[in-house]
1. Taking the stretch 206-216 as the search range and keeping residues that are within 23 Å of the chain's Cα centre (by Cα) and in a helix (DSSP H, G or I), which one is farthest from Gly174 (Cα to Cα)?
2. Looking at Gly324, Gly312, which is the one that is surrounded by 14 or more Cβ atoms within 10 Å (Cβ to Cβ) and outside any helix (DSSP H, G or I)?
3. If the requirement is being of a type in the set (Val, Ile, Thr), surrounded by 15 or more Cβ atoms within 10 Å (Cβ to Cβ) and away from the ligand (no atom under 12 Å from the Cβ), which of these qualifies: Val165, Val113, Val150?
4. From the list Ala278, Ala289, Ala266, pick out the single residue that is more than 13 Å from the ligand (Cβ to nearest atom), outside any loop (DSSP other than H, G, I, E, B) and either within 30 Å of Thr109 (Cβ to Cβ) or among the hydrophobic types (A, V, I, L, M, F, W, C) (or both).
5. Considering the stretch 61-89 alone, what residues qualify as being surrounded by fewer than 21 Cβ atoms within 10 Å (Cβ to Cβ) and of a type in the set (S, T, N, Q)?
6. Of everything in the stretch 268-290 that's surrounded by 16 or more Cβ atoms within 10 Å (Cβ to Cβ), touching a strand residue (DSSP E or B) at 6+ places or on another chain (Cβ under 9 Å) and not hydrophobic (A, V, I, L, M, F, W, C), which residue is nearest to Gly10 (Cα to Cα)?
Amino acid sequence: MKVLLVLYDGGKAAQEEPRLLGTIQNKLGIADWLKKQGHELVATADKEGEGSEFRKHIVDAEVLITTPFHPGYLTKEIMATAKNLKICITAGVGSDHVDLNAANERNITVAEVSGSNVVSVAEHVVMSILLLVRNYTPSHEQIIAGGWDVAPMARHSFDLENKVVGTVGAGRIGYRVLQRLKPFDCKELLYFDYAPLPEHAAKAIGVRRVESLEEMVSQCDIVTVNCPLHEKTKGLFNKELISKMKPGAWLVNTARGAICDAQAVADAVNSGHLGGYAGDVWNVQPAPADHPWRSMQHPLKGGNGMVPHMSGTTIDAQLRYAEGTKKILENYLSGQSQDPANLIVENGDYVSKAYGKRDTKAGERKEEVRTA
Ligand code: NAI
């Protein structure tokens with residue numbers, strides 16, 4: 001059996017730090033284990049273009065493993081060349097890099113390590129909210145540059161207390177973000193999701209459901225995006241929706257870059273309509289040097305909390321998603337059924353209910369799984 005791993009090149013850092021598991025150097029810690037069983041393993045970071053190693057090896061691979069941090073984008077066209085492919089495993093959370101409808105047509109299973117990095121992301125979201133609201137980054141940069149000028153920094157710095165915060169998507173990450181925000185005494189915590197939270201879970205943090213996205217964003221000082229990328233969320237935060245946000249509101253997106261229109265966000269930050277934008281996900285990864293999110297800036301400076309895709313790949317998270325990937329592979333190799341919480345699509349249908357509101361043949365998954 002041929003297993004294709006598409007991971008990023010961790011260079012010297014990965015040679016020095018074996019716990020950087022999501023790299024071609026450390027191969028999720030599964031290389032020896034697979035080789036001992038006589039399987040062929042190919043690990044590559046070369047994933048773009050017709051002549052890439054990804055295109056070359058996908059042709060006869062039975063298993064594709066990739067991380068969302070450096071994803072091998074498995075389009076319908078590339079999938080058509082993958083004659084032996086049976087299962088795609090996402091070492092992490094978020095399987096939008098696979099054309100899921102095409103996977104259903106070809107009966108390919110797509111599984112991910114659900115829950116493996118949701119706390120890592122939720123912590124990053126809270127940090128990003130605070131650094132935008134408190135105007136942290138330009139203040140820190142001023143210090144590094146040898147300066148000391150409080151007024152221009154304090155002018156665009158606020159408290160999180162008494163602000164309205166809303167999440168688009170209240171699944172594993174969205175719920176954990178709300179839980180972590182509770183002690184900040186926000187004015188209100190809101191969520192928009194077609195799947196309502198279990199009553200006790202909503203009550204535990206005092207969150208209110210808003211049935212229309214436009215209505216929710218117009219009430220929020222801070223909006224955080226925590227839903228998957230699918231047909232209905234691609235380009236969701238476009239010029240029109242952003243114009244409905246309160247002037248000076250902050251937007252944090254650690255879900256997927258393509259959920260936001262890149263230029264519309266940059267224009268809104270540069271004009272000051274948005275107080276700032278932060279996140280770690282980009283519509284193209286790696287992001288080009290001239291991507292508008294690298295240079296966007298609020299008129300009062302700052303307002304930009306972008307980092308490379310890293311919120312879900314802390315050392316702790318890598319250990320969890322590497323272990324979870326191995327478990328999914330073990331199940332596959334031994335013919336055992338997968339944990340339903342890890343399945344996105346199987347047997348030609350969606351198992352997960354998170355990739356858009358649709359009728360599926362698959363049975364109802366317990367809502368409790370999102371908040372447990
Ligand atoms: P989850 O499946 O537990 O929750 C997703 C929630 O989004 C569900 O409640 C679903 O009903 C809701 N949803 C789907 N479409 C929606 C829509 N149109 N409007 C409102 N809500 C909608 O997933 P989880 O674990 O919370 O992860 C969410 C996403 O976060 C992943 O799909 C992935 O794209 C992203 N992610 C990013 C990471 C990073 O490193 N930046 C790491 C892990 C996940």
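The values are calculated or read from the model by the stated rules, or taken from the named source; none is laboratory data. Since this is a predicted model, take the numbers as computed values, not measurements. Note that we place each Cβ from the backbone using ideal geometry, even for glycine, and neighbour counts take in every protein chain shown.
1. Here the answer is Glu214.
2. Answer to the selection: Gly312.
3. From the options Val165, Val113, Val150, the qualifying one is Val165.
4. On the way: Ala278 fails: more than 13 Å from the ligand (Cβ to nearest atom); Ala289 fails: outside any loop (DSSP other than H, G, I, E, B).
Result of the check over Ala278, Ala289, Ala266: Ala266.
5. Those that are surrounded by fewer than 21 Cβ atoms within 10 Å (Cβ to Cβ) and of a type in the set (S, T, N, Q): Thr75, Thr81, Asn84.
6. Asp280
Residue-by-condition table, conditions (1) at pLDDT 95 or above; (2) surrounded by 14 or more Cβ atoms within 10 Å (Cβ to Cβ); (3) away from the ligand (no atom under 12 Å from the Cβ); (4) more than 27 Å from Thr75 (Cβ to Cβ):
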position	(1), (2), (3), (4)
Lys203	yes, no, yes, yes
Gly206	yes, no, yes, yes
Leu213	yes, yes, no, yes
Asp221	yes, yes, yes, yes
Thr233	yes, yes, no, no
